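The values are calculated or read from the model by the stated rules, or taken from the named source; none is laboratory data. Fair warning: this is a prediction, and the values are worked out from it, not measured in the lab. Every residue, glycine among them, receives a Cβ derived from its backbone with ideal geometry; neighbour counts consider all protein chains shown.
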Amino acid sequence: MTVQAAEPAGVGRAQNHRYTSSYTQLSGRVKESGLLERRYGYYWTKISLTVVALAAVVAGMVLVGNSWFQLLLAGALAVVLTQFGLLGHDAAHRQIFRSSWANEWASLGMGNLLGGFSLEWWQHKHSSHHANPNKAGSDPDVAPGVLAFTPYARATRQGIGRYLADRQAWFYFPLLMFEGLNLHVSSMRRVVSRAPMKRRWWELALLLIRHLGYLTGLLLVMPVGTAAAFLGVQLAVYGLYLGGAFTPNHIGMPTVPPNLKIDFLRRQVLMSRNVTGGWFIHFLLGGLDLQIEHHLFPSMPRPNLRKLQPLVRQVCAENKISYTEKSLPAAYATVLRYLNKVGFAARDPFGCPLAAQLRGAGADLLKRPTT
C-alpha cells in the first residue's frame with residue numbers, strides 16, 4: 001500500500017494549498033501575539049540556576065572524596081549536564097538570544113564545553129530531522145543503525161541481526177545508557193574528520209578541554225577505581241536521561257516513504273507526539289513535551305510553547321488533523337510496542353493516522369459540490 005494511492009487526482013494539490021494557507025494564517029497570528037519574542041528573564045534565570053546546581057555537585061564531589069557515595073553525585077551530575085544539553089538545544093534553535101552569534105556561542109558553551117558534543121555534528125543531524133521528521137532516507141533519527149525503526153530497516157537484517165530486531169524493545173532502554181558515550185565518540189569523529197566545518201578548531205579545543213578537564217578533575221578527588229565507576233554511572237544516566245527525553249517525540253508515529261510529499265503543517269503535526277504532565281514534565285523534558293509546537297516554530301522560546309498550544313489545537317481541529325498527546329508512561333509504552341512490532345510484515349508502516357488523514361481529506365473534497 002502507498003499513501004498516495006488514497007488521494008484522487010487533484011485532491012492532494014487542493015488540500016496542500018488549504019493546509020499551507022492555514023499554516024500561513026497561524027504564523028501570522030503567532031507573530032502578532034509576540035510569542036516569538038525572546039524571554040531573557042526566563043533563560044538567564046534558568047542558566048544561572050543550572051550553573052549553581054553544577055557548582056553544588058562539584059563541591060559535593062570534592063567534599064565527599066574517596067567514598068562510594070560519589071555514585072549518587074554521578075547521577076546528579078548527569079541530570080545537570082542533561083539540563084545544559086537541553087539549554088544548548090534551545091540556543092542552537094536560536095530561542096535564547098536575538099543575535100545568531102550569541103546563540104551559537106551559547107550552544108558551544110553548553111553543548112561542547114559542558115555537554116561534550118559537537119554543535120555542528122548535532123546541528124547537521126537535527127536540522128535534517130526537523131526538515132523531514134520520520135521520513136525514510138531523509139531523517140537520520142530513523143536511519144538504520146543498532147535499532148530498526150522501520151520495517152524496511154528490519155527487512156535488510158539477516159540472521160542474528162533480524163532476530164534481535166524482532167526483540168529490540170527488550171533492550172531499547174538499556175541501549176540508551178550508551179547514548180552519552182555515542183554522542184561523545186560521534187562528535188570527536190566529526191571534528192577530526194575531513195568533512196568541512198565552520199569552526200573546527202574552536203569545537204575541537206572546547207571538546208578537549210571538556211573531556212581532559214573532566215577526567216583530570218575526577219582523578220584529583222577520587223582514586224582510579226572510584227573515578228571509573230563514577231564516570232560509568234554518569235555516562236549511563238546521562239545517556240538514559242537525554243535519550244529518554246527525545247524518545248517520546250516521534251517513535252511510533254507514522255513513517256513516511258521517500259517519494260511522498262506532504263505540506264509543512266501535516267508533516268510536523270502528524271509525525272510528532274506531545275507529552276502531558278504539567279510543569280514537572282515540561283522541566284524534565286526541557287520543553288520537548290510540546291514537540292508539535294516546537295516543530296512548527298522551532299525558534300520559539302521554550303516558555304512560550306505552552307501559550308502557542310491552544311492556537312495549534314484550533315488549527316488542527318479546523319483542518320481535521322490528528323493532534324497526538326499522551327502521558328509519559330503511555331508514550332514510552334507506545335514506543336516499546338512499536339519497536340516490538342516493527343518487524344512484522346502484516347503491520348502497515350504507513351497506516352493510521354497518516355493514511356486515514358489523507359483518505360478522509362480526499363473523501364471530504366469529493367463530496368463537495370462542484371461549481
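Working carefully through the options Met110, Met61, find the one that is of a type in the set (A, V, I, L, M), surrounded by 23 or more Cβ atoms within 10 Å (Cβ to Cβ) and part of a helix (DSSP H, G or I). Please lay out each step first, then the result.
Values: Met61 fails: surrounded by 23 or more Cβ atoms within 10 Å (Cβ to Cβ).
Unique residue meeting the criteria: Met110.
Residues that are under 18 Å from Leu240 (Cα atoms) and either touching a Leu at 6+ places or on another chain (Cβ under 6 Å) or outside any loop (DSSP other than H, G, I, E, B) (or both): does segment 162-169 have at least one?
Step one: of segment 162-169, the residues under 18 Å from Leu240 (Cα atoms) are 168-169.
Checking the rest, the ones that are also either touching a Leu at 6+ places or on another chain (Cβ under 6 Å) or outside any loop (DSSP other than H, G, I, E, B) (or both) come to 168-169.
Yes, that holds for at least one residue.
Examine segment 51-65 for a residue that is closer than 20 Å to Asn103 by Cα and under 24 Å from the mean Cα position of the chain (by Cα), and state whether such a residue exists. Give the steps one after another, and end with the answer.
Here is the first cut: in segment 51-65, the residues closer than 20 Å to Asn103 by Cα are 51.
Within this subset, residues satisfying the condition of being under 24 Å from the mean Cα position of the chain (by Cα) are 51.
Yes: one or more hits.
Please work out if Phe84 is crowded, with 18+ Cβ neighbours inside 10 Å, touching a Leu at 6+ places or on another chain (Cβ under 6 Å) and either free of Cβ contacts under 8 Å to residues at least 24 places away in the same chain or not in a helix (DSSP H, G or I) (or both).
Values: crowded, with 18+ Cβ neighbours inside 10 Å: yes; touching a Leu at 6+ places or on another chain (Cβ under 6 Å): yes; either free of Cβ contacts under 8 Å to residues at least 24 places away in the same chain or not in a helix (DSSP H, G or I) (or both): no.
Against the criterion (crowded, with 18+ Cβ neighbours inside 10 Å, touching a Leu at 6+ places or on another chain (Cβ under 6 Å) and either free of Cβ contacts under 8 Å to residues at least 24 places away in the same chain or not in a helix (DSSP H, G or I) (or both)), Phe84 does not qualify.
List the helices (runs of 4 or more DSSP H) inside segment 192-283, counting only whole elements, that have at least 3 residues being within 30 Å of Pro151 (Cα to Cα) and of a type outside the set (S, T, N, Q). Let's see the steps before the verdict.
Details: elements: 200-221, 224-246, 264-270.
Correct list: 224-246, 264-270.
Residues that are part of a helix (DSSP H, G or I), in contact with a Ser or Thr (Cβ under 6 Å, 6 or more places away or on another chain) and free of Cβ contacts under 8 Å to residues at least 24 places away in the same chain: does segment 32-50 have at least one?
Our first condition is that a residue be part of a helix (DSSP H, G or I); within segment 32-50, this holds for 32-33, 40-50.
In the following step, the residues that additionally are in contact with a Ser or Thr (Cβ under 6 Å, 6 or more places away or on another chain) were identified as none.
Among the residues of segment 32-50, not one is part of a helix (DSSP H, G or I), in contact with a Ser or Thr (Cβ under 6 Å, 6 or more places away or on another chain) and free of Cβ contacts under 8 Å to residues at least 24 places away in the same chain, which makes the answer no.
Of the residues in segment 1-35, how many are modelled with pLDDT under 70, over 30 Å from Pro151 (Cβ atoms) and surrounded by 12 or more Cβ atoms within 10 Å (Cβ to Cβ)?
Count: 1.
Which of the residues spanning segment 324-347 are modelled with pLDDT of 85 or more and surrounded by 17 or more Cβ atoms within 10 Å (Cβ to Cβ)? Give the derivation first.
Our first condition is that a residue be modelled with pLDDT of 85 or more; within segment 324-347, this holds for 324-340.
Within segment 324-347, Thr324, Glu325, Lys326, Leu328, Ala331, Tyr332, Thr334, Val335, Leu336, Tyr338, Leu339 meet the criteria.
Select from segment 299-328 the residues that are farther than 30 Å from Ile96 by Cα and in a helix (DSSP H, G or I) and list them in ascending order.
Within segment 299-328, Ala317, Glu318 meet the criteria.
Which condition from (1) assigned to a loop (DSSP other than H, G, I, E, B); (2) free of Cβ contacts under 8 Å to residues at least 12 places away in the same chain is the one that Pro174 breaks?
Among (1) assigned to a loop (DSSP other than H, G, I, E, B); (2) free of Cβ contacts under 8 Å to residues at least 12 places away in the same chain, Pro174 violates only (1).
Which of the following residues is under 17 Å from the mean Cα position of the chain (by Cα) and among the acidic types (Asp, Glu): Asp139, Asp166? Break it down stepwise before answering.
Details: Asp166 fails: under 17 Å from the mean Cα position of the chain (by Cα).
Exactly one residue qualifies, and that residue is Asp139.
Report whether or not Arg157 is within 24 Å of Tyr332 (Cα to Cα), at pLDDT below 85 and not polar (S, T, N, Q). Lay out the reasoning, then the answer.
Details: within 24 Å of Tyr332 (Cα to Cα): no; at pLDDT below 85: yes; not polar (S, T, N, Q): yes.
For Arg157, the condition - within 24 Å of Tyr332 (Cα to Cα), at pLDDT below 85 and not polar (S, T, N, Q) - is not met.
Residues Leu147, Leu164, Leu183: which one is under 22 Å from His250 (Cα atoms), among the hydrophobic types (A, V, I, L, M, F, W, C) and at pLDDT 90 or above?
On the way: Leu147 fails: at pLDDT 90 or above; Leu164 fails: at pLDDT 90 or above.
The match here is Leu183.
Mind checking which residues of segment 212-227 are under 31 Å from the mean Cα position of the chain (by Cα), among the hydroxyl-bearing types (Ser, Thr, Tyr) and farther than 17 Å from Leu113 by Cβ?
none
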